Amino acid sequence: LVVGGCQANKVSRMDEGESADLTTNWNATDSRKVAKTMIKDMLSFPWVNEFKKSNNGKKPRIIVFDLRNKSHTQVAVDTFIKDIRRAVLRSGKAKFVAAKDLRQDIRDERQSQDLHASADTRAAMGQEYGADYALSGTISSIVNQSGNTKVVAYQVDLSLLNIESNEIAWTGQEEIKKK
């Protein structure tokens, strides 16, 4: 019984881009795919060129405000946000400003440097860049099941808002269905 009851699990590595859909749950492949598709769409809209034209060629700065998981399953929202940032930065068309919690940590570090670091090596206070746009959105899901057949549709809705004017510069939607 002891010998027969012990089975070794075989684990193998996969390529980063290779999909491993073991369930209908949101996974890393979904996160990367949706982020890449949505950001490509977002950056193709006129707001980028309009901003650069009216700001002497300066690249717009974006901050991620709120991305809510309203789906029926756990979604690693932080991972999705990182995928979004990576896609934007890789495009070279816009920049990101750190989120509120990270900015506070950096401010604490600068304050510490004011007290403890030499004048020629400390980071100066009051030199932060403000964000021009705020990105926010939701991840929702709809589950449809009959017998042993289950279909889950994940819908990601994102909006990019001009912080100064509150105008919506872009809105996008991407859906993934899994059976």
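Given the conditions (1) hydrophobic (A, V, I, L, M, F, W, C); (2) touching a strand residue (DSSP E or B) at 6+ places or on another chain (Cβ under 8 Å); (3) buried (at least 16 other Cβ atoms within 10 Å of the Cβ); (4) in contact (Cβ under 8 Å) with a residue 40 or more places away in the chain, which single one is not true for ALA87?
The one condition ALA87 does not meet is (2).
Under 9 Å between Cβ atoms, at least 6 apart or on separate chains: pull out the pairs that start in the stretch 140-164 with a residue that is in contact (Cβ under 8 Å) with a residue 24 or more places away in the chain and end on any residue that is in a strand (DSSP E or B) and of a type in the set (Asp, Glu).
SER140/ASP157; ALA153/GLU175; TYR154/GLU174; TYR154/GLU175; VAL156/GLU174; VAL156/GLU175; LEU158/GLU174
Suppose we filter SER91, SER140 for residues that are of a type in the set (Ser, Thr, Tyr) and out of contact with any Ser or Thr (no Cβ under 7 Å at 6 or more places or on another chain); which single one remains?
Answer to the selection: SER91.
Does ARG85 satisfy the condition of being within 12 Å of the chain's Cα centre (by Cα), in a helix (DSSP H, G or I) and modelled with pLDDT under 90?
no
Do the conditions hold for VAL75, that is, is it open to solvent by less than 50 Å² (accessible area, probe 1.4 Å), in a helix (DSSP H, G or I), in contact with a strand residue (DSSP E or B) (Cβ under 9 Å, 6 or more places away or on another chain) and in contact (Cβ under 8 Å) with a residue 40 or more places away in the chain?
So VAL75 fails the test.
The values are calculated or read from the model by the stated rules, or taken from the named source; none is laboratory data. Predicted model only: the values in this text are computed from it and were never measured. Positions of Cβ are generated from backbone atoms using ideal geometry, with glycine treated the same way; all protein chains shown enter the neighbour counts. For accessibility, only protein heavy atoms count, side chains too; no ligands or nucleic acids. Shrake-Rupley method; radii C 1.70, N 1.55, O 1.52, S 1.80 Å.
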